[in-house]
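The values are calculated or read from the model by the stated rules, or taken from the named source; none is laboratory data. Since we're looking at a predicted model, the values are computed, not measured. With ideal geometry, Cβ positions are generated from the backbone for all residues, glycine too; neighbour counts draw on all protein chains shown.
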Amino acid sequence: MSITHNNTHELFKGYVGRTYKDSTPWWPEPQSPDEDSPNVLVILFDDMGFGSLGCFGSEIDTPNIDALAQGGLRYNNFHTTALCSPTRASLLTGRDHHAVGMSIIANADSGFPSKRGAIRQNAGTIAEMLSGEGYSTYAIGKWHLAPVDQTSAVGPFDQWPLGRGFSKYYGFLEALSDQFRPALVRDNQHVEPPRKPDEGYTLNEDLVDNACQFLTDHVSLAPKKPFFMYFAPGAMHSPHQAPQEFLDKYKGRFDAGWDKVREQRLARQIEMGIVPKGTGLVPRNEGVEPWDSLSDDQKKLYCKFEEAYAAFLDHTDKELGRLFAHLEALGKKDNTIIFLLSDNGASQEGQIHGSTSTTFYENMDAEPFDFNLERLDNIGTKRAKNNYPIGWAQVENTPLRRYKQNTHAGGVQDPMIVHWPKGIKEQGGVRNQFHHVMDIVPTILEAAGTEAPSMIRGVPQMNIHGTSMLYSFNDKDQPTHKRTQVFEMFGHRAIWHDGWKAVAYHKRYSDYDDDQWELYHVAEDFAEQNDLAHKEPDRLRKMIELWWAEAGRYDILPLDDRGFAERRAMARPRKDSPRIQQEYVFYPGMTNIPGGAVPFTMDRSYQIDARVRISENGEGVILACGGLCGGYSLYVKDGKIVHDYNFYEQMLRTEAPVPDQDDWLDIRYRFEKTGICKGIGHLSVNGQELSQIDIPETYKYFMEWEGLSLGRDAGSQVSPAYAEQGAFPFAGDIDHVRITLGTDIAGPHDYESQD
């Protein structure tokens, strides 16, 4: 007898009598995939250009990735979205990133359907799809798909990995991470790194350790169950940091300069068959100077940046080698489809001179050459958050034009490797079919012999937009199954259709009608060298019309060219986000708050009130926000109560003597905003103002990616006054710390009038 149970609404196929003796039990069978269903490992690099890997023409040592390519396939016509969170959203859902709500990074909700900064619930992830098919699902590394104001210990958690279909997670939630002092999360809980930098800790090693542990547990306890693992290291996003032996290895390797290195990479790419014969180098991007025109100091500094990048990539490859070896030792490598790719092209965010601090770019400021030169020896170490200059970024994108954020090939055409011994016959092959990151999900589904569900957790799902690549695995000559692909990022636009590409570079804040569209026959012009816009105006007009049609289809509009920080500063948080508060009270033992979720103190009045008891000769940090590149810290040292405001590593200090008493003290630091990005800092103890400082300039949008910690300074230290003592925990007692935000925050028009 089959009945429907009133509570669960599940069809019961047994028989229910008056007692168990006259009843028949029945157990539903869980969804079980076929025994030969493949495992899947997706490895997603960050900001790694088309020409960075050894197997894509680079001189940087990547032997483990090269071996993966030699045993599988390299795709030279594979595309992404030009930015990290959008590519991740498209990769995990199989859909256009605008259509799922992720037009740019997951930092803010800009108030439009395509710009929510989070993946819509009607766009299920591949983890949600495969878990319903009986797969175990694991995520490791960078997430950056939860709005940053929702990344604190109280969430909300619906856009964290476990909220989007993964059963286990270990990594970091934000856009980037210090490789020696990351802000880590295990499942839904913030955790501390297992070791300190001086104990040899690196994030690369830690991520691989956890990936291996997940796989060991899986194979030991569920050997017949397939797995899906998403592994996203912080590499090659800045900061480019690596152990000293890797930095030493690359000293002098790039002294020939970026012009010569780019020529050499292209020659190797042509020899490998990764780039068609006859392909030349596009001209230097705007702002990239001829290497021979640079001063000796410029060459010395710029080479140091590239050496750090190479060391970081080499170290990442070494750790990935451990993951590949472990997969083989577990007997799972033959039937595991491995996709290895980058989320976009090489980054232009190091600007002209490179960067030793993330803070300049995020505040839309240029980093001074002399500032970097003074920090030359810090590059690649824990003492800097470095990114290379655009001259080296163009090298990493060899032979392509422009960079990350742009819809020219340098931003969207990226390396991709597929390895699957059981399913791919050819070893070391090259595939040139046009494909896009949204095509990976339908490829996985076809390989697993299943389809995307029409409903996930009661929510009807939008259609998959991607096209399976499976046909190309064993047929190199079959034409691409795709017809059209649209691109848009920060107002840059492009459309690919049947081997042709129209692309428009957009200058920020300019009129979109002034943008100059270019036209390339990319089926024959790999590097977008020969602009045919004037020769084929009718074709270009039709391509532009097609772009607008696709823009309507995928919810791309409205066009928005505002930068990361502007959108984050002006966006409205969710009502259940802690970022929406005007007053915060923090108590001892509180978990560190990630950078995107800290109280927003930029360019507004605010007040910090700390009630503490300082033990005799007691010292330490009461409250710190930010890190070595920027932030503020309230601490006690050498008999003084000190507040340091770290403005581009310049310490603006207010201090007062510790009162001669053992009772509780009320310490107040008050920032009084007196104009756009300026004010006065006041330090008071027990109601009496003891010190003040004029602060002629403050940050506009951003201080540091590192967050806020109570009773110590976690991560990199805000103030060099105690950096040698590490976190410098407070030796006394903290009753509470209160932060009160003023309402005089500047709006976008205030900054426009200032420019």
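Applying the set (1) over 15 Å from Lys142 (Cα atoms); (2) touching a Gly at 6+ places or on another chain (Cβ under 8 Å) to Asn188 leaves exactly one unmet item: (1). Exactly one residue out of Asp560, Asp538, Asp555 is among the charged types (D, E, K, R), surrounded by 15 or more Cβ atoms within 10 Å (Cβ to Cβ), out of contact with any His (no Cβ under 8 Å at 6 or more places or on another chain) and not assigned by TED's automatic domain parsing to the domain that holds Arg401: that is Asp560.
Being small (Gly, Ala, Ser), surrounded by fewer than 24 Cβ atoms within 10 Å (Cβ to Cβ) and more than 30 Å from Pro28 (Cβ to Cβ) narrows it down to one of Gly111, Gly163, Gly141, so name that one.
Gly111
When you go through Gly626, Gly631, Gly639, Gly675 one by one, which is the residue that is surrounded by fewer than 24 Cβ atoms within 10 Å (Cβ to Cβ), of a type in the set (Gly, Ala, Ser) and within 28 Å of Tyr701 (Cα to Cα)?
Gly675
Among the aliphatic types (A, V, I, L, M) and within 34 Å of the chain's Cα centre (by Cα): is that true of Val598 in this structure? Taking the combined requirement at face value, the residue satisfies it.
Go through the range 271-288 and report how many residues are crowded, with 16+ Cβ neighbours inside 10 Å and not hydroxyl-bearing (Ser, Thr, Tyr).
Residues that pass the stated criteria total 8.
Yes or no: Phe166 within 30 Å of Asn378 (Cα to Cα), in a loop (DSSP other than H, G, I, E, B) and in contact with a Ser or Thr (Cβ under 9 Å, 6 or more places away or on another chain)?
Considered against the rule, which asks whether it is within 30 Å of Asn378 (Cα to Cα), in a loop (DSSP other than H, G, I, E, B) and in contact with a Ser or Thr (Cβ under 9 Å, 6 or more places away or on another chain), Phe166 comes out as no.
Conditions (1) of a type outside the set (Val, Ile, Thr); (2) surrounded by fewer than 19 Cβ atoms within 10 Å (Cβ to Cβ); (3) not assigned by TED's automatic domain parsing to the domain that holds Ala69, marked per residue:
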{"position": "Ala366", "(1), (2), (3)": "yes, yes, no"}
{"position": "Gly380", "(1), (2), (3)": "yes, no, no"}
{"position": "Ala393", "(1), (2), (3)": "yes, no, no"}
{"position": "Thr398", "(1), (2), (3)": "no, no, no"}
{"position": "Gly411", "(1), (2), (3)": "yes, no, no"}
{"position": "His419", "(1), (2), (3)": "yes, no, no"}
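Filtering the range 365-409 to residues that are closer than 24 Å to Asp248 by Cα, hydrophobic (A, V, I, L, M, F, W, C) and in contact with a strand residue (DSSP E or B) (Cβ under 7 Å, 6 or more places away or on another chain) leaves nothing.
Does the range 215-224 include one or more residues that are in a helix (DSSP H, G or I), touching a strand residue (DSSP E or B) at 6+ places or on another chain (Cβ under 8 Å), among the polar types (S, T, N, Q) and modelled with pLDDT of 95 or more?
No, the range 215-224 contains no residue that is in a helix (DSSP H, G or I), touching a strand residue (DSSP E or B) at 6+ places or on another chain (Cβ under 8 Å), among the polar types (S, T, N, Q) and modelled with pLDDT of 95 or more.
Pairs are defined by a Cβ separation below 6 Å, a sequence spacing of at least 6 or placement on different chains, a first member in the range 26-38 that is in contact (Cβ under 8 Å) with a residue 24 or more places away in the chain, and a second member that is surrounded by 12 or more Cβ atoms within 10 Å (Cβ to Cβ) and among the aliphatic types (A, V, I, L, M); the pairs so defined are Ser37/Ala448; Pro38/Ile337; Pro38/Ala447. Just one of the listed residues (Ala82, Ala89) is at negative phi and crowded, with 21+ Cβ neighbours inside 10 Å, namely Ala89.
Within the range 704-720, if we keep just the residues that are of a type in the set (Ser, Thr, Tyr) and in a loop (DSSP other than H, G, I, E, B), the residue that is modelled with the highest pLDDT turns out to be Ser719. Among the residues of the range 516-532, is any modelled with pLDDT of 95 or more and closer than 23 Å to Ser85 by Cβ? Within the range 516-532 (the criterion being modelled with pLDDT of 95 or more and closer than 23 Å to Ser85 by Cβ), the answer is no, since none of the residues qualifies. Evaluation of Leu341 against the conditions (1) assigned to a loop (DSSP other than H, G, I, E, B); (2) buried (at least 17 other Cβ atoms within 10 Å of the Cβ); (3) modelled with pLDDT of 95 or more shows that the sole unmet condition is (1). Taking Leu266, is it touching a Pro at 6+ places or on another chain (Cβ under 7 Å), assigned by TED's automatic domain parsing to the domain that holds Gly321 and assigned to a loop (DSSP other than H, G, I, E, B)? No: the conditions fail for Leu266. Do the conditions hold for Thr674, that is, is it farther than 30 Å from Arg383 by Cβ, of a type in the set (Val, Ile, Thr) and assigned to a strand (DSSP E or B)? Spelling it out, Thr674 is indeed farther than 30 Å from Arg383 by Cβ, of a type in the set (Val, Ile, Thr) and assigned to a strand (DSSP E or B). A single entry from Asp178, Asp149, Asp198 fulfils the requirement of being outside any loop (DSSP other than H, G, I, E, B), over 30 Å from Gln31 (Cα atoms) and either under 14 Å from the mean Cα position of the chain (by Cα) or touching a residue at least 40 places away in the same chain (Cβ under 8 Å) (or both): Asp149. Among the residues in the range 426-434, are any surrounded by 23 or more Cβ atoms within 10 Å (Cβ to Cβ) and within 20 Å of the chain's Cα centre (by Cα)? No: the range 426-434 contains no residue that is surrounded by 23 or more Cβ atoms within 10 Å (Cβ to Cβ) and within 20 Å of the chain's Cα centre (by Cα).
Confirm whether Ser238 is touching a helix residue (DSSP H, G or I) at 6+ places or on another chain (Cβ under 7 Å), under 23 Å from Asn592 (Cα atoms) and of a type in the set (S, T, N, Q). Spelling it out, it is not the case that Ser238 is touching a helix residue (DSSP H, G or I) at 6+ places or on another chain (Cβ under 7 Å), under 23 Å from Asn592 (Cα atoms) and of a type in the set (S, T, N, Q). Within the set Asp744, Asp733, Asp660, the sole residue that is surrounded by fewer than 18 Cβ atoms within 10 Å (Cβ to Cβ), over 21 Å from Ile580 (Cα atoms), among the charged types (D, E, K, R) and touching a residue at least 12 places away in the same chain (Cβ under 8 Å) turns out to be Asp733.
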